[in-house]
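Report on the following structure.
Please treat every number below as a calculation from the coordinates, not as lab data. Quantities reported herein were computed from a predicted structural model and do not represent experimental measurements. Cβ sites come from the backbone with ideal geometry, for glycine too, and all protein chains shown count toward neighbours.
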Amino acid sequence: MNQRILGMFTRPFGVDGQSLAMLAAALLLVGATGPGCTPVCEPPLTKERTPVEAADLPALWTSAAGSGLTLLLTEQPYAVSDAALDRVIHAIADQAGIQLQIERVPDSGLPAGERLSAYQVTSVGCALPWNGSGPVVAVVTVWDTGVGYGFIDECGPPLRRTVVINRARAESIAIGPITADDDVALTLLHELGHWLAVPARDFHRSAVDADQPTSNQHCTNAKCVMYKGSRVGLCAILANLTTGLPFQFCPDCAAELREEQARRAGNLNVARPRRFRGVVRPTGRFVREPMPFQNRRSLPCSDVCMS
Ligand SMILES: [Zn+2]
Ligand SMILES: [Zn+2]
């Protein structure tokens, strides 16, 4: 019995973990993981499977400019741990062939322990100093915004996004060996996956997201980091029971990431992702003054999801 995955998924639903663990064990013993409990836990937009070569993939990630991505990581009021960051760096390098460059921002100027508006946080993230070129994501971890476990939102410049991570939600599902850092890593990888535009094909896009723009759609495969965590039910729990948290892109999402990499390389026949070698450590630091909050207003978030 994998208590890690049970703990991960039972807390958000307010279900007693021990009771659900016993139920899951009973179902496994009687073989009740039938057709409805395969890793495909939500219906797709279509059953027609299309080749990855025909996938509609973003121009950014299929161009040379998309071979690297900078993360501006704020360290206050909450930091992303090095362990969580290493997991994300390796996953993006191994499965998307994109090298993450890390810059640390010591202080976001945002308070700890408070519920903030989504706009308040994204406006800070979008305004962090950045003098480089290429795509960049500000990662701002705050106590809570009330918007799922995290979300990604656009900034004014087209190559810029802000990911907001809600620390309170991550801590709320920490139980046993599952740590809040595990959920933070899962959330960050998931949100980056949204910008990378996976899932990109309708046969593994969830029909539950039919009313959402493609940039906010989720994978049908419960063993994929792009599955919408806040919709996890028994099917997804059983799918991950023996393997733990789904900290990877599923084969279909991974194929699309490889296709982006292949098109970047100008070689449609490239099938293998570039493997990450070694450990990327933070490359730069800079200090910014705390920023006053301005233009507070509600902001329509582009992604409202668990992780
Ligand atoms: Zn997937
Ligand atoms: Zn999502």
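Quick rundown of the values:
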| quantity | calculated |
| --- | --- |
| Packing rank of 164-171, 114-121, where each peptide gets the mean count of other beta carbons within 10 Å, highest leading | 164-171, 114-121 |
| Neighbour-count order for HIS204, HIS194, fewest beta carbons within 10 angstrom listed first | HIS194, HIS204 |
| Gyration tensor (Cα) of the stretch 79-232, equivalent ellipsoid semi-axes in angstrom | 23, 19, 16 |
| LEU73 long-range amide H proximity, modeled H, under 5 Å | GLU103, ARG104, VAL105, VAL139 |
